[in-house]
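The values are calculated or read from the model by the stated rules, or taken from the named source; none is laboratory data. Quantities reported herein were computed from a predicted structural model and do not represent experimental measurements. So basically every Cβ, Gly included, is an ideal-geometry build from the backbone, and we count neighbours across all protein chains shown. Just the protein is used for accessible areas: all its heavy atoms, side chains included, with ligands, DNA and RNA removed. Shrake-Rupley method; radii C 1.70, N 1.55, O 1.52, S 1.80 Å.
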Amino acid sequence: MFLTLALAGLAAASPAPLRRDSISALGTSTINSFTPYSYFASAGYCAPAATLAWNCGTNCDNNPGFKPIASGGNGDSVQYWYVGYDPALNEIIVAHQGTNPSKFESLLTDGEFVLEQLNDNSILFPGLPDSIETHDGFKKAQADTAADVLAAVQEGMSQYSTNAVTLVGHSLGAAIALIDSVYLPLHLPASTSFKTYNYGLPRVGNQAFADYVDANVHLTHINNEEDPIPIVPGRFLGFVHPAGEVHIEDSGKWASCPGQDNDSGECIVGDVGNIFDGDLDNHSGPYNGVTMGC
Ligand SMILES: *[C@@H]1O[C@H](CO)[C@@H](O)[C@H](O)[C@H]1NC(C)=O
Ligand SMILES: *[C@@H]1O[C@H](CO)[C@@H](O)[C@H](O)[C@H]1NC(C)=O
């Protein structure tokens, strides 16, 4: 134990000076402001008939005024999704379903995926720089629902006269929501304002993707304790997280972690050194009382 601490101290002392930069903690009102989005992300796991009727139990009941517009997917080859309007927030909400964590972890760690250029689908991503690449499976999952999601968002913006669109998702749903956050602004008026709230987000793309997201997407991605999903696929494979991390520490503190893949021990990269340090049970939350699932 002493040896480990001593070595850790040495490692931290060299070559960079020991950092005492403080990671700021989010206040209670900020943490509570995420809660409607947490329930929306969780409702992404509910079948399309349930979300279209907004009759899905706890997840729906916690956003009671919601007006669904469209839903789809089959929960197998195509993840569930739904789009609707929330009068209390005056925002269009777009949500995508996640997936079984252990199945998902093996997909992300078995190496049977490649980084693919996002704009090789020039209909979905016109004009996006060639350098931007994402995980092939996430790219396919987003493409499967892209046109239907866009049509529902356009319908909702017109019907409810709002220009605010918020994307949410947990796990695989978070990855799809993040690619949607790059996709939708390419097809909607410049006056549209976007926000993205993701939970248990894996790494989605390369450095150019992360930089593009930092410059163009208003992203918050919240991860919980020792969840291993946010540290895969590994950085050594060329994957990079965009900024916007919030890490729920074991103490219950919600740490706001600046930059991409912040390696502070208060953030997920520093807290979970490798997937064996992780605990998949932490993936579903709870996120301020919300456990993801339907
Ligand atoms: C992590 O956060 C600290 C504290 O705010 C900051 O000084 C540091 O630059 C961040 N690291 C990265 C990689 O962004
Ligand atoms: C999260 O992981 C920690 C460490 O393994 C464990 O003690 C805790 O019970 C987990 N929390 C949940 C909600 O599963």
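Couple of notes before you dig in:
- Candidates G156, G173, filtered to the one that is more than 25 Å from N223 (Cβ to Cβ) and open to solvent by less than 10 Å² (accessible area, probe 1.4 Å): G156
- E266 meets all of the listed conditions (1) in a loop (DSSP other than H, G, I, E, B); (2) over 26 Å from I179 (Cβ atoms); (3) within 11 Å of ligand 1 (Cβ to nearest atom); (4) without any contact (Cβ under 8 Å) to a residue 60 or more places away in the chain but one, namely (4).
- Residue match in the range 247-254 (condition: within 15 Å of ligand 1 (Cβ to nearest atom) and in contact with a Gly (Cβ under 8 Å, 6 or more places away or on another chain)): no
- A single entry from A12, A43, A25 fulfils the requirement of being within 16 Å of ligand 1 (Cβ to nearest atom), surrounded by 11 or more Cβ atoms within 10 Å (Cβ to Cβ) and at pLDDT 95 or above: A25.
- Any hit, the range 140-160, residues being of a type outside the set (K, R) and not in a helix (DSSP H, G or I): no
- Pairs linking a residue in the range 94-115 that is within 18 Å of G205 (Cα to Cα) to a residue that is surrounded by fewer than 18 Cβ atoms within 10 Å (Cβ to Cβ), with Cβ atoms under 7 Å and 6 or more positions apart or on different chains, are E105/L280; L107/G137; T109/I275; F113/D136; F113/G137; V114/D136; L115/G238.
- Any hit, the range 234-243, residues being basic (K, R) and more than 16 Å from ligand 2 (Cβ to nearest atom): yes
- For first residues located in the range 215-234 and at positive phi and free of Cβ contacts under 8 Å to residues at least 60 places away in the same chain, partners that are within 16 Å of ligand 1 (Cβ to nearest atom) and acidic (D, E) and lie 6+ apart or on another chain with Cβ distances below 9 Å form the pairs E225/E249; E225/D271.
- Scope the range 55-81; condition of a type in the set (F, W, Y) and open to solvent by 30 Å² or more (accessible area, probe 1.4 Å); matching residues: Y80
- Reported count of residues in the range 82-114, each being touching a His at 6+ places or on another chain (Cβ under 9 Å) and either open to solvent by 50 Å² or more (accessible area, probe 1.4 Å) or farther than 20 Å from N198 by Cβ (or both), is 1.
Yes or no, residue by residue, for (1) touching a strand residue (DSSP E or B) at 6+ places or on another chain (Cβ under 8 Å); (2) more than 19 Å from I69 (Cα to Cα); (3) not hydrophobic (A, V, I, L, M, F, W, C):
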{"residue": "T166", "(1), (2), (3)": "yes, no, yes"}
{"residue": "A174", "(1), (2), (3)": "yes, yes, no"}
{"residue": "T192", "(1), (2), (3)": "yes, no, yes"}
{"residue": "D227", "(1), (2), (3)": "no, yes, yes"}
{"residue": "I231", "(1), (2), (3)": "no, yes, no"}
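- Looking across the range 189-205, the residues that are open to solvent by less than 20 Å² (accessible area, probe 1.4 Å) and either away from ligand 1 (no atom under 16 Å from the Cβ) or among the small types (G, A, S) (or both) come down to T192, T196, N198, Y199, G200, L201, P202, V204, G205.
Residue-by-condition table, conditions (1) part of a strand (DSSP E or B); (2) closer than 22 Å to G205 by Cα; (3) open to solvent by 20 Å² or more (accessible area, probe 1.4 Å):
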position	(1), (2), (3)
E226	no, yes, yes
F236	no, yes, yes
A243	no, yes, yes
H247	yes, yes, no
D250	no, no, yes
Q260	no, yes, yes
G273	no, yes, yes
G285	no, no, no
G293	no, no, yes
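- Check on A208, away from ligand 2 (no atom under 16 Å from the Cβ), in contact (Cβ under 8 Å) with a residue 40 or more places away in the chain and either assigned to a strand (DSSP E or B) or more than 20 Å from N282 (Cβ to Cβ) (or both): yes
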